[in-house]
Every structure is written in C-alpha cells, then in structure tokens.
Amino acid sequence: MYSVRIFCFVVLIACCSVLNSQEIKINSNTSTTAASSGWYPWYEIHADPENRNNIIVCGARWVAKDNAQYGFVYFSSDGGKNWHSTLEDKHSTWVSEESCAFGVHGVAYYVADASKVDEAGNLHHDLGTTYVYSSQDGGRTWKEPIKTGWTDYSSSVVDTSPGPNQNRLYVSFNNLETFYHSLGDQKALDSLPKGGNTVGLISYKDGDAKVDGPVFNSDMAASNYRGSYPAPSFVLKDGTLLTFFSSHLNLDPKDREKREFLIASIRSNPDRTALENPVNVVTDTPKPDESEKCGFGLTSAGAYDPVKDIIYFAYPLGDEKSCHLMLISSTDGGKTWKPAQRIHLPDENSDSTYESPALAVNKEGVLGLMWTDGRTGCWNFAASTSGDRYFNVSKRLNDCSSPAKDVQAITDAYLWSVLFQPSPKNADGENRVAIRNMKNADWRNNHAIAVTPDGVFHPVWIDAGDGRGEIRTAAVTVTSVQQLAATQISGLTPVSNKVAVLYGGTQHYDDKSGTLTLAVTFRNNSGSAVKAPFKLEAMSVDSDYLNVEVANAANHAIGGGAVWDVTSSVPGGVLAPGATSQPYTLTFHTTPKDHFTLGDVLSLNTKLYARP
C-alpha cells in the first residue's frame, strides 16, 4: 500500500497502514415538521425492524401561542422522505417524558406523561398521568391510550423475540415515589425502601387492561442514588433487559455539593420479574453544568449489537485543554465494562466540543455516531465499520456555516416565557418573569439514530431551519472500502509491491474552483511484465487543510474505496520490466476546513491492481 502525500506541493511516497476507512453518504436530508414548526426539546426516532419504510419520530413540541408543551408522533411510510403528524397529546399544557418503540408485525408504542398544571402555572408531576398508546399499523394510526402513574424520564423498548412476551412494551422510569403518588397509592408509598432513587420498570402488551409492575431493586435505594434517569434500554440476547441511567451519589451526607456524577446500567433477570443491582459504567465525571462543555448530563449514547452481543456507550470527557469522545463496551450483558477508550476522529481539534451524542449499530456491525458541536450548532455523523473506537472523518448533517455567534440569535420560535410565583406563605415574595432563548437546545435526544432493516442509519436532530424551528432526519449509508471497490477490482491482483507510484510532473490547486489535481506515473520495478487492466484504489483520503473528495473515480466513490481506472496511462496495456507509464491525473474537489494544522494538503493511501 502506498501513501501519496502533498505538503506545500511536494510529493512524498511512503508505505503505511490504514486504520478504518469507509464512505458516508447523506442520501436524504428532510424536515419532519414542515407543518408543525417550533422548538422540540425532547425527541427520539425508531424504525420498524421488518419494514424499512416505516419510521416514527416522537417527543415534545413547544407551542408558543399556548406557551405549552404537547406530545407528538410523526410517521413516515417511505423511509423518511415524507412525514405526517399522526398523534398529538394535549392532555395538559405540559406533556413530557415521552418515549416510543417498535415491535414486530407493525406494532408500535408511544408513552407520554401529562403533568398537572395549576392556575399559577406550577407543575405537579406527582399528580400527573402517563398515557400509553399502541398502534397496529407501524405508527400510522393509534388506539385510545391506557393510563398509569407518572413515569418520569421514560425509556421504552419492545420484546421482538417469538414467545409469550413478543410485542410486550417495557418502560423504565425514574422515581417510584412520584409514580405511586400520582396513583394515590399511599400503601405502596409507605412500603417503598428509604434512601435514594431507584429505577422502576412497568410492562404492557396491546390488549391488556392495565400495565404490569412496577418492578424495582430494593437495595438500590440504600446505595444513595440521587436520580435514576434511564435511557436508552435494550432487550439482550439472553432475554434480560438492560437500561442505562444517569445519576449521582452523595459522597458526604453532610455536604450535598460533594457528589459523584455517573452513568450506570441495570439489568433485569431473564423472566423480567426483578432488577439486579446496578453496575457503574462511567464514574468520576464532571458535574453537569451549562458552562461545562464536556459535562454529559443526562446523556443517552448507548447501542446494542445483538449479533455480536456487545453493548456500547459513548460519552464526552474533557481535560483542561480539550474535549474528547470516549467509548466503552461490555461483552457479558453489562455485568462488567471494559476500560474506556478515546474515540479516534481524524478531524478532531482542540476546539471541538461534543454535546448530545447518540450511537447506533446496524446489522453489519457498523457503529454510527452523531453529536453537535456546541460552538457552532453543527450536527455531525461519523461511523466505524470495524465496530471499535476508530471512526472516519465526520460528515455534517446540517447547514452550520454561519459564525458561532449566530447560534445565539434570537428567534420567536425559540422564545420560552417562564413565570415563577411566590409562595402563598411569603408576603414579601416577588413574581419572576424570564424569557429564555432555547435555540438548538434539547433536553433529551434518546435514541436519536434509528437503523432500518437495510442497514441505513436515520439520525434525527433539531435545527433552526428558516427560523421557525424544526426536526430533521437523514438517510445515511456507510459503505466500507472493500464494498466500494469490490466490483472494480474483482479478478485483479495487488501489484503495489512490484509497481511504484511516482510523481507524474504536475500538481495544481485552483483556489476559485477548489479543485486539486495530481499527476502520477507507474514504474514496473519487477523482472516480469505487468498486464492491463490497471486499477488504483484509494484506501483513505485525508487532509489537514481541506475537506477533500475524489472527483474522477471510475466507481464514483469520493473517499476511501474510490477506484481509478488508470489503464489508459499504459499504451498497449503491458508495463514491461523497468518501464514507466504515462502520467495519469487524479482529481479532487475540496472545500476549506474550519480549522487546520500544519501538515498535508493531501494524504492518499493507495493500492494498485492488475491482471494476475
């Protein structure tokens, strides 16, 4: 394998290795909310595991004219190209805690919690109601919901395996006390274990008269968890349920500020009648704070590969100088976790920030990763075809070329009026009014990447759009180098150890068009002739200065996996021993990077193939 490097237009030839290359294509980029603009603080996306056309997005939408938050479900029957509103929950002026999930045979569920809002505008979740909706046609239509107690920060998953629990919905939630209080069940409240919070688990199957549960772990409360906010949840290969949850532990009962923030996981037993003790996944993390660019808060970047039986979790972690993304995994169902590793992103720089990360894995074991850069509001997508920490150069999902200061621009769609009333007991109390700018702010983007049965990733994110606010989705395909090049090099043999790739006499960068060209020649250093066809494969394409894409590949690929048919550079189709070909021009489209470091204008790793 050869590496062609241009630095200040000097070409160097060297042999090197490639970590992980693939091509990411954004095949569609669509607004789900053309008719329902606004601020969407809470959202997630799910795909029908049997029908690649059925996708749902659910969550909460802020409606400015009502100064209210309502629940919603948007449905697509064509793989995310077109969207329709199929459900809106207006049971109160504060509907939140939404989650949704797909089963099989067209079954889908949607969970929404309606808080009790008093005349002063105060929220009373402990008097609220959870509504569980079901659909039998993939989310196109929904049945009248059943009711249960308040399921704070709900996280939903459906068992799709054959058996008596197929299409049973499982909902994990925070705070059993709020759940039982909203039901008015004083006996259950009195019997709850004293101490910290616990994760609760209820279940429901379409046709049941009521929900089952909740199930919880009595010992968890004694561990002093303060908050147990679950997301996401998975049904594992052995039949157990696993959910991640965010929390913190009080390290000193006398000092409430002395806390350890963490991400933990909790499993059920195989028959889902009990929850095991939690296992810490990430500890010693910074306190979540608006000024902390690497504080993960209530993050939800988990994924499960049922084929390899691997659970993944990604999270941002910072030091005094920079922010990084970390990846941790478990191969024993979440009982133990391997040491965290820093995710490798070739275009990472010291100014990068990583907020609202999301993770998913497709049927080929490819990991898809999404995050937003808090400086600019840019949403990015990257992938790892090897299912490990090595991800390729990221692709932007949204138009975020405007300066970072524009992220703070004031738009009516994102204005949130918040009014606070004094306690009736406080005669000197004051009314407080605040108008907050919530542009591009999300409270939760749990399950922000869906994967359809064909292996296509469908990330979802919030965007300013035309200034009115929207949710957008895209169809993203990830193709490995081997898949991209397979047809072009079929039947050919690598000859890079026999034929050298040399500088062909010209190199040029056109600043106006952003076109970069490089001429190369091929010299046969072996003692035998090499015969056509000749194909040059790009194993990876990178630059420290520019965003670079191959422009003249025979297979129309733009990155690693691009193949040039260079046969025309060898008249007669035979490269004799010691002979050198005519020059062949490699062409690249480029655009400027936001940031660059001193290094290569072009770094191109290649393999040359010819007839056996």
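Quick rundown of the values:
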item	result
Pairs with Cβ under 6 Å, 6+ apart, first in segment 351-367 and in the same structural domain as Ala314 (by TED's automatic domain parsing), second buried (at least 23 other Cβ atoms within 10 Å of the Cβ) and among the aromatic types (Phe, Trp, Tyr)	Tyr354/Trp371; Pro357/Trp371
Tally, over segment 511-539, of residues that are at pLDDT below 95 and part of a strand (DSSP E or B)	3
Residue list for segment 57-80, restricted to those being more than 20 Å from Asn445 (Cβ to Cβ), assigned to a loop (DSSP other than H, G, I, E, B) and in contact (Cβ under 8 Å) with a residue 60 or more places away in the chain	Asn67, Ser77, Gly79
Test: residue in segment 418-435 that is touching a residue at least 40 places away in the same chain (Cβ under 8 Å) and either among the small types (Gly, Ala, Ser) or under 21 Å from Cys58 (Cβ atoms) (or both)	no
Strands (runs of 3 or more DSSP E) (entirely within segment 122-224) containing at least 3 residues that are of a type in the set (Gly, Ala, Ser)	123-135, 152-158
Single residue of Ser161, Ser135 found to be surrounded by fewer than 24 Cβ atoms within 10 Å (Cβ to Cβ) and among the small types (Gly, Ala, Ser)	Ser161
Residues (among the acidic types (Asp, Glu) and free of Cβ contacts under 8 Å to residues at least 40 places away in the same chain) located in segment 106-146	Asp118, Glu119, Asp137, Glu144
Residue within segment 506-518 that is surrounded by 21 or more Cβ atoms within 10 Å (Cβ to Cβ), out of contact with any Pro (no Cβ under 8 Å at 6 or more places or on another chain) and over 22 Å from Gly599 (Cα atoms) present	no
Filter result (hydrophobic (A, V, I, L, M, F, W, C), closer than 17 Å to Arg468 by Cβ and either modelled with pLDDT under 75 or in a loop (DSSP other than H, G, I, E, B) (or both)) within segment 404-431	Val407, Ala409, Ile410, Ala413
Residues being under 18 Å from Gln483 (Cα atoms) and β-branched (Val, Ile, Thr) - total across segment 545-561	2
Asp565 modelled with pLDDT of 95 or more and acidic (Asp, Glu)	yes
Matching residues in segment 434-468 - criterion: being touching a Pro at 6+ places or on another chain (Cβ under 8 Å), surrounded by 24 or more Cβ atoms within 10 Å (Cβ to Cβ) and part of a loop (DSSP other than H, G, I, E, B)	Asn446, His447, Ala448
Yes/no for Gly599 being in a loop (DSSP other than H, G, I, E, B), touching a strand residue (DSSP E or B) at 6+ places or on another chain (Cβ under 6 Å), at pLDDT below 95 and closer than 27 Å to Phe391 by Cβ	no
Scan of segment 519-536 for residues that are under 36 Å from the mean Cα position of the chain (by Cα) and exposed (fewer than 12 other Cβ atoms within 10 Å of the Cβ), ordered by number	none
Test: residue in segment 572-591 that is assigned to a helix (DSSP H, G or I) and surrounded by fewer than 21 Cβ atoms within 10 Å (Cβ to Cβ)	yes
Residues within segment 310-345 that are of a type outside the set (Ser, Thr, Tyr), assigned to a strand (DSSP E or B) and either in contact with a Lys or Arg (Cβ under 9 Å, 6 or more places away or on another chain) or without any contact (Cβ under 8 Å) to a residue 60 or more places away in the chain (or both), tallied	13
Qualifying residue in segment 450-460 (condition: small (Gly, Ala, Ser), on the phi > 0 side of the Ramachandran plot and in the same structural domain as Ser384 (by TED's automatic domain parsing))	yes
Qualifying residue in segment 484-495 (condition: assigned to a strand (DSSP E or B), of a type in the set (Val, Ile, Thr) and buried (at least 17 other Cβ atoms within 10 Å of the Cβ))	no
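The values are calculated or read from the model by the stated rules, or taken from the named source; none is laboratory data. Just so you know, these numbers come straight off a predicted model, no measurement behind them. Methodologically, a virtual Cβ is constructed for each residue, glycine included, from the backbone with ideal geometry; neighbour enumeration extends over all protein chains shown.
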